[in-house]
Amino acid sequence: MSSKSIKTACSVLATEGKAILDLAKKLDRNFEKAVDFLSKSKGRVIVTGMGKPGFIAQKISATLSSTGTPSLYLHPAEALHGDLGRVTRDDCLIAFSNSGETEEILKLLPILKKIGSRLIAVTGNKKSTLAKNSDFVIDASVKKEACSLGLAPTTSTTAMLAVGDALCVSLLDKKGFREKDFAFYHPGGALGKRLLLRVSDIMRTGASSPIVKETALVKDALIKITKSRAGSASVVNKKGMLVGIFTDGDLRRHINSSINIARRKIKEVMTKSPVTIRKEKLAAEAFQILRSKKIDEIPVVDEKGRPVGLLDVQDILKAGLV
């Protein structure tokens, strides 16, 4: 990249950055009232915009939907040809238009009035026709576009995006939307897995989770571990309670012992009172334990301390948790 290109890029970023900071000074009671109204609305939030602001509208609609506010994007031109049938009296519209004079949006106004929907305008012109016919007006005006020609929507669309994001975040705070709620709407993402995936969902059970009695010989434990393709075995007493874990690390620590380790009892070489976790706990919590304790396996126990499974760090990696 040439120095001229970098200079131009820096100018664009500086212009748009300053415009966003200036927006904070323009927030007023209209913004607060809009957030309050949206938080109490029984219908959906329908977002519209034409051209570049239309793309911003689509993004804001998606953000609203993912943060607990049912929303859909309505193309203003398509709305004039039948899609207005999607709008009900209980819905609220957010219209993005820098000039506030976008023809396709203005043509919607009389019909929206008949339907009875409320209207929030995000515009760069508070004296525009759109602003005058809206219930709430949010100022998204900018001094100039970042485009060197002063023509292409750049700073103005960035301002709309920033104001829209501010509206979404203020609304989710107002509604008490939390991480667990966000995860509910994002079950396929990394965050959803982190907040929803339980130990029981990924732990090894049955033959894949070797369990041996404390009186068993090391060689018998090794055979079970090998067959299960695990890295350890849970060790229980005669009551079936977990009393230890035998890992590869335990084997290596005792391999040079003068006594044949294969014929030693497992209770003599196991790690006693190991760290455990319950199956209903979050898998993310198990990962934090594994990482902080610098271990690779953790036994999963029930409320009475009996082993019901085994969680290996590889299971967490396969689940895509990290």
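Report the extension gain between K113 and A62 in nm, rounded to one decimal, defined as 0.36 nm multiplied by the number of residues separating them, less their alpha carbon distance.
Stretched out fully, the K113 to A62 stretch lengthens by 15.8 nm.
For a quick check of your reading of the filter: which trypsin sites (Lys or Arg not before Pro) in segment 195-290 sit in a DSSP loop and have no more than 13 other Cβ atoms within 10 Å?
Here the trypsin sites (Lys or Arg not before Pro) that fit, given the DSSP loop and packing criteria, are R229, K238, K239.
Hull surface divided by four, with the convex hull built on the Cα atoms of segment 9-61: how many nm²?
5.0 nm²
How charged is the neighbourhood of V12? Take every other residue with its Cβ under 12 Å from the Cβ of V12, and add Lys/Arg as +1 and Asp/Glu as -1.
+1
State the extension gain, in nm to one decimal, for the chain segment bounded by T8 and R89, taking 0.36 nm per residue of separation less the distance between their alpha-carbons.
Result: 24.4 nm gained on full extension.
Once you list every other residue whose beta carbon is under 9 Å from the beta carbon of K238, what net charge do they have if Lys and Arg are +1 and Asp and Glu are -1?
For residues surrounding K238, the net value is +1.
Determine which residues of segment 266-301 fall in the zone a paramagnetic label at R229 would reach in this model, i.e. backbone nitrogen under 18 Å from the point 7 Å along Cα→Cβ.
The answer is 297, whose backbone nitrogens lie closer than 18 Å to the label point.
Give K238/K267; K26/K113; K227/K281 a once-over and call out the pairs whose C-alpha atoms are over 23 Å from each other.
Values: K238/K267 12 Å; K26/K113 27 Å; K227/K281 28 Å.
Pairs exceeding the cut-off: K26/K113; K227/K281.
Regarding segment 200-322, what's the average projected area of the Cα-atom convex hull, expressed in nm²?
7.1 nm²
For segment 3-177, what is the largest minus smallest coordinate of the Cα atoms on each principal axis, given in angstrom and ordered from greatest to least?
For segment 3-177, the Cα extents along the three principal axes come out at 54, 37, 27 Å.
Viscosity 0.890 mPa s, temperature 25 °C: give me the Stokes-Einstein translational D for the chain in µm²/s, with Rh taken as the Kirkwood radius over C-alpha pairs.
Estimated diffusion coefficient is 101 µm²/s.
Let me check I've understood the local charge: for T158, count other residues with C-beta under 15 angstrom from its C-beta, Lys and Arg +1, Asp and Glu -1. What total comes out?
Computed value for this residue: +1.
How big, in percent, is the set of alpha carbon pairs in segment 58-115 lying more than 20 Å apart?
Cα-Cα pairs in segment 58-115 separated by more than 20 Å: 25 percent.
Where a number appears in this text, it was derived from the coordinates with a stated rule and is not lab data. Model, not experiment: these values are computed from the prediction. Note that we place each Cβ from the backbone using ideal geometry, even for glycine, and neighbour counts take in every protein chain shown.
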